Structure formats: C-alpha cells, structure tokens
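To start, the structure itself, in structure tokens.
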Amino acid sequence: MSPYAFAKIAFSIVPLNNLEFYDVIFTRTNSDVMNLELRDKFLERWSKYFGKAELPVTFYYTLSDTAAEWADKPKGWSCIICELAKVRKGRSLMYNAERIKCGGGKRYLGYTDKMRPGFEHFLSCGNSDIEGERYLRSPELVREFMKSQKTLAVSGMNLVFKRWDKLEKEDEPDVVIFFATPDVLAGLFTLANFDQSEPNGTFTPFGSGCSTIIHYPFLETVTERQRAVIGMFDPSARKCVNDNEISFAVPMTRFEKMIDYMDESFLITDAWSTVRKRI
C-alpha cells in the first residue's frame with residue numbers, strides 16, 4: 001500500500017450526470033501500487049500492434065513530494081500541454097499550484113475554483129478591455145457553460161506526469177494519455193469500445209486542451225463506465241502538439257481492461273494488419 005493512499009478521499013461510484021455544479025470530485029482511493037507486469041505487458045503488446053507509435057503519458061495526484069522531479073516554476077507564458085513535451089520524451093515531472101501559471105490550467109487541474117475576471121468576455125467576443133478568443137458566441141453562453149463545470153478538490157496535492165515506460169512500483173496512475181495520429185486513434189477508439197453494447201464508450205467534450213486530457217478524464221474515474229475522452233481540439237493548445245495529433249485519455253481502471261482485450265480483439269485481424277503497416 002502506498003504510504004500516501006490514506007490521504008486520498010474515498011467516494012462511491014456515481015453517474016456523472018447526477019453531480020451538480022461545484023460538486024467536488026476527489027482523487028480515487030487506490031491501495032494498489034503499480035503492477036510492473038501490467039506495465040511490461042502493455043509495452044510488449046503496444047510494440048506488437050502499434051509498432052513504433054509514441055508511448056502514452058500517465059498522471060496521478062499524490063501528497064508525495066519525491067514522486068518525480070519538480071517542474072520549474074514558470075517565469076513567463078506557460079501551458080501544461082507544451083510542458084508535457086518533456087514528459088513525452090521521457091522526463092518525469094511533478095507540478096503543484098505554484099508551477100501552473102495559466103488560469104485555465106489552474107482551474108482544470110483542480111488548483112482553484114475561480115476563473116480570471118471577465119472570463120465570460122475572454123472566452124467569447126471580448127470587450128473594450130479584453131481581447132476575446134471567440135470560442136463561444138456570447139458572455140451569456142459562457143456563463144451557462146460554466147454552470148456545468150465540476151471542481152476537483154486536490155488542494156495541497158501534487159500532480160505527477162510519467163511516460164508509461166517510466167512507471168515504477170510506487171506509482172498510482174489515475175489516467176493514461178495518448179497523443180495519437182489518426183491510425184493510432186482509430187485503434188484506441190475501437191479497442192475502448194470492444195466490450196461496450198452502447199456506442200458512446202468515448203466522448204469529446206468542448207473545452208481547453210488541458211481539460212480534455214486531465215479534467216474530464218479524471219472526472220470519469222468516479223463513474224461506473226469510465227469512458228475515454230478524445231480531445232485536443234482547442235486551437236490555443238494546438239501549437240503545443242504536432243499537426244496530425246489528437247489526444248485520447250482514459251481512466252487507468254478502464255485502460256487495464258483494454259490491455260487485457262488486445263490479444264482477442266480486432267488487433268489480430270488482417271484489417272488491422274493493413275493499418276499497422278503504415279503506423
């Protein structure tokens with residue numbers, strides 16, 4: 001058992017649509033350390049079915065201050081999506097509120113429940129003082145949109161990012177994040193629906209880049225179904241990823257099932273073999 005597991009708050013699995021605005025989402029109680037056999041099994045199967053496709057990144061919240069190297073405190077403009085380029089290359093990094101400068105990043109990573117003054121104008125058409133991003137049509141629409149947003153109660157906890165192959169026994173990943181090309185995304189999407197009778201085993205919420213790889217997937221960890229999230233459609237975050245990449249983020253519990261299904265799924269068929277050759 002992790003020495004920090006006792007500090008994580010337990011809760012019941014509930015349908016996500018039963019949660020009201022400002023309902024607090026806590027981190028999962030996870031008494032299991034990382035299964036290194038599972039880590040290695042995925043590495044072997046990933047190479048077998050996806051060739052040299054990029055390995056995923058994981059994240060989890062913890063009270064530990066030694067789980068990874070501390071990320072530098074930003075001195076200028078900073079975006080967590082751009083920061084993850086370092087993790088994607090194999091560097092394990094840990095963040096807290098002091099190391100997240102972007103106001104939206106702080107909100108969607110759980111380090112504040114507030115947005116910048118005039119956010120409703122910033123996200124929409126702007127005003128005389130604020131240049132608008134024009135992602136929603138009006139300030140009124142932004143206000144309505146924010147009513148559906150949940151809060152992650154992770155104050156005082158640190159956020160650890162590690163590439164899959166860098167995971168160690170003491171790690172407790174909550175979510176697995178892929179930055180995928182279309183062919184890889186097709187494989188992940190289809191695998192995520194392999195044991196589903198209802199067609200929406202994945203979903204694509206409107207939101208910032210960080211919300212689609214951290215906030216929304218983390219919310220899914222408290223649901224019974226634990227759907228995967230396809231994202232990275234935020235034009236402001238697109239400059240931090242390659243032009244042919246979309247994100248696919250899935251709760252760890254769901255991902256473990258996906259790994260188990262790989263050898264009995266479409267991945268063993270000629271149809272996938274044809275796709276595999278061009279990955």
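Here are a few things to note about the model shown:
- Tally, over region 15-37, of residues that are loosely packed, with under 13 Cβ neighbours inside 10 Å, at pLDDT 50 or above and not in a loop (DSSP other than H, G, I, E, B): 2
- Check on VAL229, at pLDDT 95 or above, in a loop (DSSP other than H, G, I, E, B) and among the aliphatic types (A, V, I, L, M): no
- ASP40, sole failed condition from (1) surrounded by 16 or more Cβ atoms within 10 Å (Cβ to Cβ); (2) modelled with pLDDT of 50 or more; (3) under 20 Å from THR253 (Cβ atoms); (4) charged (D, E, K, R): (1)
Per-residue answers, yes or no, for (1) more than 30 Å from PHE122 (Cβ to Cβ); (2) surrounded by fewer than 17 Cβ atoms within 10 Å (Cβ to Cβ):
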residue: THR190; (1), (2): yes, yes
residue: GLN196; (1), (2): yes, yes
residue: GLY201; (1), (2): yes, no
residue: ILE230; (1), (2): no, no
residue: SER247; (1), (2): no, no
residue: PRO251; (1), (2): yes, no
residue: ARG254; (1), (2): yes, no
residue: TYR261; (1), (2): yes, yes
residue: SER273; (1), (2): yes, yes
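Yes or no, residue by residue, for (1) over 16 Å from the mean Cα position of the chain (by Cα); (2) closer than 25 Å to SER47 by Cα; (3) among the small types (Gly, Ala, Ser); (4) buried (at least 21 other Cβ atoms within 10 Å of the Cβ):
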{"position": "ARG137", "(1), (2), (3), (4)": "yes, no, no, no"}
{"position": "SER148", "(1), (2), (3), (4)": "yes, no, yes, no"}
{"position": "SER155", "(1), (2), (3), (4)": "yes, no, yes, no"}
{"position": "TRP164", "(1), (2), (3), (4)": "no, yes, no, no"}
{"position": "GLU170", "(1), (2), (3), (4)": "yes, yes, no, no"}
{"position": "VAL176", "(1), (2), (3), (4)": "no, yes, no, yes"}
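- Answer residue from region 173-200, given it is in contact with a strand residue (DSSP E or B) (Cβ under 7 Å, 6 or more places away or on another chain) and small (Gly, Ala, Ser) and is farthest from THR253 (Cα to Cα) among those: ALA180
- Residue list for region 226-277, restricted to those being among the aliphatic types (A, V, I, L, M) and more than 26 Å from GLU83 (Cβ to Cβ): MET258, ILE259, MET262, LEU267, ILE268, ALA271, VAL275
- Qualifying residues in region 158-181 (those that are outside any strand (DSSP E or B) and of a type in the set (Lys, Arg)) - the one farthest from SER64 (Cα to Cα): LYS166
Condition check ((1) over 23 Å from ALA249 (Cβ atoms); (2) out of contact with any helix residue (DSSP H, G or I) (no Cβ under 9 Å at 6 or more places or on another chain); (3) assigned to a loop (DSSP other than H, G, I, E, B); (4) at pLDDT 90 or above) across all residues:
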residue	(1), (2), (3), (4)
SER78	no, no, yes, no
GLY90	no, no, yes, yes
MET94	no, yes, no, yes
LYS106	no, no, no, no
MET115	no, no, yes, no
GLU131	yes, no, yes, yes
ARG134	yes, yes, yes, yes
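- Residue within region 255-266 that is small (Gly, Ala, Ser) and more than 24 Å from LEU43 (Cβ to Cβ) present: no
- From the options GLU98, GLU83, GLU44, GLU133, residue that is within 17 Å of the chain's Cα centre (by Cα) and either of a type in the set (Asp, Glu) or under 30 Å from GLU170 (Cβ atoms) (or both): GLU83
- With respect to the conditions (1) modelled with pLDDT of 90 or more; (2) more than 23 Å from VAL229 (Cα to Cα); (3) surrounded by fewer than 21 Cβ atoms within 10 Å (Cβ to Cβ), SER124 lacks only one, and its number is (3).
- Any hit, region 241-249, residues being at pLDDT 95 or above, in a strand (DSSP E or B) and not aliphatic (A, V, I, L, M): yes
- Filter result for GLY110 (crowded, with 22+ Cβ neighbours inside 10 Å, in a helix (DSSP H, G or I) and within 15 Å of the chain's Cα centre (by Cα)): no
The values are calculated or read from the model by the stated rules, or taken from the named source; none is laboratory data. These numbers come from a predicted model, not from an experiment. Here the Cβ is made from the backbone with ideal geometry for all residues, glycine too, and neighbour counts use every protein chain on show.
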